[in-house]
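> What follows is a single structure, and I will ask about it in a moment.
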Amino acid sequence: MPLELYVLTAPDGNLTSDTILLNGVRLNATSPLSPAHADPRAPVTCPPLSYGFVVDRGMRPAACAETAD
């Protein structure tokens, strides 16, 4: 299952811009939140001066598993 990447950047690196990009697409109040996808076995990198979220829907941590009492 691929990783879902949500990377927020400023257009052309302009940190004072009124616009923000999600995975390179201008984001507004009605934009769909469409992730980029990545191979879970490969390193994840983000551009400088960006902020990102990685969603791994295939992860099953033991601490979150149901236990029988």
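The values are calculated or read from the model by the stated rules, or taken from the named source; none is laboratory data. Source: prediction; values computed, not measured. Positions of Cβ are backbone-derived with ideal geometry, glycine not excepted, and every protein chain shown enters the neighbour counts. Areas reflect the complete protein model, heavy atoms only, side chains present, ligands, DNA and RNA absent. Shrake-Rupley method; radii C 1.70, N 1.55, O 1.52, S 1.80 Å.
> Cα extents of the chain along the three principal axes, largest first, in whole Å?
Answer, in whole Å and largest first: 54, 28, 18 Å.
> Then there is this: So if each residue of separation counts as 0.36 nm, and I subtract the Cα-Cα distance between Leu49 and Thr19, what length gain in nm does that give?
9.4 nm
> State to the nearest 20 debye the size of the charge dipole of the chain about its Cα centre, where the only charges are +1 on K and R beta carbons and -1 on D and E beta carbons. Write down the numbers at each step before the final one.
Values: 4 positive and 7 negative charges, 29 e Å.
Approximately 140 debye in magnitude.
> Taking 7 Å along the Cα-to-C-beta vector as the label spot, tell me the Ser31-Glu66 distance in nanometres, rounded to one decimal.
3.8
> Considering only protein heavy atoms and a probe of 1.4 Å, how much of the accessible area of the chain is carbon and sulfur, as a whole percent?
Within the chain, the accessible surface is 57 percent carbon and sulfur.
> Right, something else. Using a 1.4 angstrom probe, figure out how much accessible area the chain has per residue, in square angstrom, rounded to the nearest whole.
In whole numbers, the chain has 82 Å² accessible per residue.
> Evaluate the relative contact order of the chain (contact order divided by residue number), counting alpha-carbon pairs under 8 angstrom at least 6 apart; express in whole percent.
Result for the chain is 43 percent.
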